[in-house]
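Q: Mind looking over this structure? Questions follow.
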Amino acid sequence: MAAGVACDFCREDQLEMECCRGGLLPRSAAAVLAGLLPLPDCEEDRISALPDDMLLQILARLGCARAAAHTGLLARRWRGLWARLPELTFHRIAPAPLDTALAMVARPAPSLLDIHFFNHHEFEPARVSSLLRAAAALAPAEFVLHVTGGIQPGPVELPCFNRTTSIKLDLFCVCFTLPPGGGFPALESLHLENGHIDGADMLPLCPRLRKLWALDWKSDSVVLHSEALEDLAVYATRQIRHIDIVAPAVKKLYLVAHYGVRKEFSLSFSAPAVEDLTWKCETKAISYRFGVIWRMWSLTFSTFLQPLGNNQLANNSEIMPSQAQHRRVGVLSLNLETNVYSGDAAMTFEQEIHRFQVTDFSILELDLTQRGHVYGAIVLHLIGLCTSIQKLKVTLDEYTMGDACFADCLCDQPNNWRSQSISLNDLNEVEIQCCRGQDHEVDLLKVLLRCATGLERVTLRFSRKHPPSDRGLAEIDGILKAYPYVKCNIYH
């Protein structure tokens, strides 16, 4: 690989990267090393007398194929050794020199081929396809390709990587096509960022695929059936119409519908072994029933395994599988805001929750941007939809909550929420973040203490921007003294 492998823009970028900086030659030294000027007299070169294996270990520590190639300018002994490195990293390189470099790579295949083009390089789809074919011919164990610049519209063919076990591609706005009759028999991990591939077509070609991350899903349908998948992440950038996932071995699943789902949305989901699940979706439901308009922005449902306590373990058999020593915990998180007029009034909050088949959760988290309005009614309504929860966490927006609503605001007109009774027998913990100790917050605390007869812990974290008044603190302290069995933590 020649010395001048980077354009001027690439060279500026390389100076900012530690792994590439070591492979750059000073302009004054480049002429000397290229043979234009004579080398000064020096002592005997003992390092070059070392065996190839030791020299390759020295080059590997440089962490940059360019730096390793430049050592060949110092002595003939080093020339071409870089092409035998087990890991090849090409960062901030120009396309033409890369073609020459890849043609020089020796066999057997490297364990890692990492290529990174910066954003001033633009590519045609055929050029990207050609680069992928060259990488597939080398068959590295792990292949990484980042193209942060522009790629012209058009399909990019993803060739068969017969001996590659891990592929990570970051190609902006690229739709991959698969070669007819091809396959990926060794592939175990596929990470697509800013690029899309049809999972229904891809998965049958990957019998050993354990990890699939598709972070730019451009279809309105997510259909993924796999017996081998264990780690699945899908970030959909289209409004979703249909989800059909059958993955009996999946243990970790992350699914985001960034633009929500259609009204005719359908969901079919089977992943009995999942331990870590996150399902997040933008929603459009709005409600007028609480005095002011409330908009639900997003719904997130997640599950995780929580270790059992000693008492819980004692009730089980002495010899237990690992998963039996944990209990599954479900968390439903809702993000809501007042005075947002865009949305769908025909879709209720209850319908939004149940259309995603969200039922098995014990923690309810509410992230509220209330703009100074009373929020007791909306909190109690949502708790009423989830009466079996064990923990309630309410987080308020401390940056907008200082704007109090006007006198006689409709948000505080329906006072019946203060006398509301809800059966909350399972609720044992309440946490409120960024509260201010105002009268309506004290009233909400009264309702929760009255309805949750098994409540064990209350945590109040007051806003840093708006500390509570002495009167508010005194009133809260008086209320809590009436419930001595409830442990209370107050943070100013």
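The values are calculated or read from the model by the stated rules, or taken from the named source; none is laboratory data. For clarity, every value in this text was computed on a predicted model and none was experimentally measured. Note: ideal-geometry Cβ built from the backbone for every residue, glycine included; neighbour counts use all protein chains shown. Heavy atoms of the whole protein, side chains included, go into the accessibility calculation; ligands, DNA and RNA do not. Shrake-Rupley method; radii C 1.70, N 1.55, O 1.52, S 1.80 Å.
Q: Taking the options V256, V274, name whichever one is touching a Leu at 6+ places or on another chain (Cβ under 6 Å), at negative phi and either buried (at least 20 other Cβ atoms within 10 Å of the Cβ) or at pLDDT 90 or above (or both). Explain how you work it out, then say what you get.
A: Values: V256 fails: touching a Leu at 6+ places or on another chain (Cβ under 6 Å).
Every option except V274 fails the conditions.
Q: Examine the range 189-202 for a residue that is touching a helix residue (DSSP H, G or I) at 6+ places or on another chain (Cβ under 6 Å), under 26 Å from A94 (Cβ atoms) and open to solvent by 20 Å² or more (accessible area, probe 1.4 Å), and state whether such a residue exists. Break it down into steps so the answer makes sense when it comes.
A: Applying the first criterion (touching a helix residue (DSSP H, G or I) at 6+ places or on another chain (Cβ under 6 Å)) to the range 189-202 yields none.
No: zero hits.
Q: So, one more: Which of (1) in contact with a helix residue (DSSP H, G or I) (Cβ under 6 Å, 6 or more places away or on another chain); (2) modelled with pLDDT of 90 or more; (3) not polar (S, T, N, Q) does L368 not meet, given it meets every other one?
A: With respect to (1) in contact with a helix residue (DSSP H, G or I) (Cβ under 6 Å, 6 or more places away or on another chain); (2) modelled with pLDDT of 90 or more; (3) not polar (S, T, N, Q), L368 is out only on (1).
Q: Of all residues being in contact (Cβ under 8 Å) with a residue 60 or more places away in the chain and under 25 Å from N416 (Cα atoms) in the range 442-485, which is most open to solvent (accessible area, probe 1.4 Å)? Just the residue, please. Steps first, please.
A: Filtering the range 442-485 down to residues in contact (Cβ under 8 Å) with a residue 60 or more places away in the chain leaves 443-444, 447, 463-466.
With the extra rule that they be under 25 Å from N416 (Cα atoms), the set shrinks to 443-444, 447.
Working: D443: 33, L444: 3, V447: 2 Å².
The residue in question is D443.
Q: If you don't mind, there's one more thing I want to ask. Applying the selection to the range 74-103, what residues are modelled with pLDDT under 90, under 29 Å from R46 (Cα atoms) and surrounded by fewer than 18 Cβ atoms within 10 Å (Cβ to Cβ)?
A: If the condition is that a residue be modelled with pLDDT under 90, under 29 Å from R46 (Cα atoms) and surrounded by fewer than 18 Cβ atoms within 10 Å (Cβ to Cβ), then L74, A75, R76, R77, R79, G80 are the ones that fit.
Q: Counting only residues that are without any contact (Cβ under 8 Å) to a residue 24 or more places away in the chain, give me the helices (runs of 4 or more DSSP H) lying completely in the range 38-142 with at least 1 of them. Walk me through how you get there before you give the answer.
A: On the way: elements: 52-60, 65-70, 95-104, 125-138.
Where helices (runs of 4 or more DSSP H) fall fully within the range 38-142 and carry at least 1 residues being without any contact (Cβ under 8 Å) to a residue 24 or more places away in the chain, they are 52-60, 95-104, 125-138.
Q: Output the residues belonging to the range 218-232 that are hydrophobic (A, V, I, L, M, F, W, C) and within 18 Å of P207 (Cα to Cα).
A: Step one: list which residues in the range 218-232 are hydrophobic (A, V, I, L, M, F, W, C), which gives 222-224, 228-229, 232.
Listed by number, the residues that qualify are V223, L224, A228, L229, L232.
Q: So which residues in the range 146-160 are out of contact with any strand residue (DSSP E or B) (no Cβ under 6 Å at 6 or more places or on another chain) and of a type in the set (A, V, I, L, M, F, W, C), if there are any at all?
A: C160 - this is the single residue of the range 146-160 that is out of contact with any strand residue (DSSP E or B) (no Cβ under 6 Å at 6 or more places or on another chain) and of a type in the set (A, V, I, L, M, F, W, C).
Q: Further question: Within the range 213-253, restricting attention to residues that are of a type in the set (D, E) and surrounded by fewer than 21 Cβ atoms within 10 Å (Cβ to Cβ), which residue is nearest to G195 (Cα to Cα)?
A: Of the range 213-253, the ones of a type in the set (D, E) are 216, 220, 227, 230-231, 244.
Right, trim to surrounded by fewer than 21 Cβ atoms within 10 Å (Cβ to Cβ) and you get 220, 227, 230-231, 244.
On the way: D220: 15, E227: 24, E230: 21, D231: 18, D244: 21 Å.
For the range 213-253, the residue satisfying everything is D220.
Q: Any idea which residue in the range 58-71 is nearest to H91 (Cα to Cα), counting only those that are surrounded by fewer than 19 Cβ atoms within 10 Å (Cβ to Cβ) and not hydrophobic (A, V, I, L, M, F, W, C)? Show your work before the answer.
A: Looking only at the range 58-71, we keep the residues that are surrounded by fewer than 19 Cβ atoms within 10 Å (Cβ to Cβ), and these are 58, 60-61, 63.
Subset that is not hydrophobic (A, V, I, L, M, F, W, C): 61, 63.
Numbers: R61: 16, G63: 10 Å.
Within the range 58-71, the match that is nearest to H91 (Cα to Cα) is G63.
Q: Another one. Could you list, in sequence order, all residues of the range 130-170 that are of a type in the set (D, E) and open to solvent by 30 Å² or more (accessible area, probe 1.4 Å)? I'd like the intermediate steps shown before the answer.
A: Step one: list which residues in the range 130-170 are of a type in the set (D, E), which gives 142, 157, 170.
E142, E157, listed by residue number.
Q: For the range 105-135, name all the residues that are under 28 Å from the mean Cα position of the chain (by Cα) and either closer than 17 Å to L187 by Cα or among the aromatic types (F, W, Y) (or both).
A: Selection gives S111, L112, L113, D114, F117, F118, F123, L132, A135.
Q: Only residues that are part of a helix (DSSP H, G or I), modelled with pLDDT under 85 and open to solvent by 60 Å² or more (accessible area, probe 1.4 Å): list them for the range 399-434, please.
A: Kept after step one, since they are part of a helix (DSSP H, G or I), are these residues of the range 399-434: 410-412, 415-419.
If we keep only those that are modelled with pLDDT under 85 too, we end up with 410-412, 415-416.
Residues satisfying the conditions are L410, N415, N416.
Q: Which one is least open to solvent (accessible area, probe 1.4 Å), of the residues in the range 322-340 that are more than 26 Å from the chain's Cα centre (by Cα) and at pLDDT 85 or above?
A: Going through the range 322-340, the residues more than 26 Å from the chain's Cα centre (by Cα) turn out to be 322, 324-325, 338-340.
Subset that is at pLDDT 85 or above: 338, 340.
Working: T338: 0, V340: 18 Å².
The selected residue is T338.
Q: Another question about this same structure. Taking the range 363-398, which residues are charged (D, E, K, R), within 24 Å of the chain's Cα centre (by Cα) and in a strand (DSSP E or B)? Spell out how you get there, then give the answer.
A: So the first thing to find is which residues in the range 363-398 are charged (D, E, K, R), and the list is 365, 367, 371, 391, 393, 397-398.
Then drop every residue that is not within 24 Å of the chain's Cα centre (by Cα), which leaves 365, 367, 393, 397.
Hits for the range 363-398 are E365, D367, K393.
Q: What is the residue count in the range 280-321 for residues that are of a type in the set (S, T, N, Q), within 30 Å of the chain's Cα centre (by Cα), outside any loop (DSSP other than H, G, I, E, B) and modelled with pLDDT of 85 or more? Outline the logic, then answer.
A: As a first pass, look at the range 280-321 and keep what is of a type in the set (S, T, N, Q): 283, 287, 298, 300, 302-303, 306, 310-312, 315-317.
Checking which are within 30 Å of the chain's Cα centre (by Cα) leaves us with 283, 298, 300, 302-303, 306.
This time we only want the ones that are outside any loop (DSSP other than H, G, I, E, B), so: 298, 300, 302-303, 306.
Narrowing the set further to residues that are modelled with pLDDT of 85 or more leaves 298, 300, 302-303.
Selection size over the range 280-321: 4.
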